[in-house]
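The values are calculated or read from the model by the stated rules, or taken from the named source; none is laboratory data. Note that the structure is predicted; figures quoted are calculated from it, not measured. FYI the Cβ positions are ideal-geometry reconstructions off the backbone, even for glycines, and counts take in every protein chain you see.
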Ligand SMILES: C[S@@+](CC[C@H](N)C(=O)[O-])C[C@H]1O[C@@H](n2cnc3c(N)ncnc32)[C@H](O)[C@@H]1O
């Protein structure tokens, strides 16, 4: 994300004269994924951050877990993979827990969405759905992959979990961008910006 996808996405936007980025983290649980993407965009955009309009949606079916996502308070083991400089810039340590700063917190909108009934919208540049579909039958997975495909703009990225595999019609509609990382693109050729 940090070394390839997000820089490519930003490059793509800047070269088209566009300044909006739309991200959907589907089945986001306690929010680590959408917040991580937001921190990376903040870091990569630097001073340009303010000139971009970012839509970052985290969705889940579990209201209780969404409440903890909105709170954005994490145990040390939950932030163990956050690079030290990002931890220092975006979190404060209080009573042994890491509190995410308001700047990042306020950028991510959490919504209660059952993936089988609706989506978070359309024209997303990036949709992530990791470690969610493993619980569903193949037929249900096929439906969800088609749903994610229609939520993306042409050339948008789809990220799935390391142990997951695209199935059904979607496997011919997405092209692999980064195979090992299970990152796909809608329509456009693999690594092209
Ligand atoms: C194992 S967690 C994965 C969390 C995160 N994506 C990750 O990789 O760390 C699976 C999440 O999917 C959510 N989930 C399960 N069924 C869902 C559905 N039909 N619609 C939306 N979210 C669902 C669960 O509530 C849970 O938070």
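Before moving on, here are some points about what is shown:
- Residue match in the stretch 174-188 (condition: within 16 Å of the ligand (Cβ to nearest atom), in a strand (DSSP E or B) and without any contact (Cβ under 8 Å) to a residue 40 or more places away in the chain): no
- Residue among 77, 42, 84 that is surrounded by 14 or more Cβ atoms within 10 Å (Cβ to Cβ) and at pLDDT 95 or above: 42
- With a requirement of 1 or more residues that are within 14 Å of the ligand (Cβ to nearest atom), the helices (runs of 4 or more DSSP H) lying completely within the stretch 56-152 that satisfy it span 63-71, 138-151.
- Beta carbons closer than 6 Å, at least 6 apart along the sequence or on distinct chains, never pair a first residue in the stretch 35-63 that is at positive phi with a second that is part of a helix (DSSP H, G or I).
- Residue match in the stretch 32-47 (condition: away from the ligand (no atom under 16 Å from the Cβ), in contact with a strand residue (DSSP E or B) (Cβ under 7 Å, 6 or more places away or on another chain) and part of a helix (DSSP H, G or I)): yes
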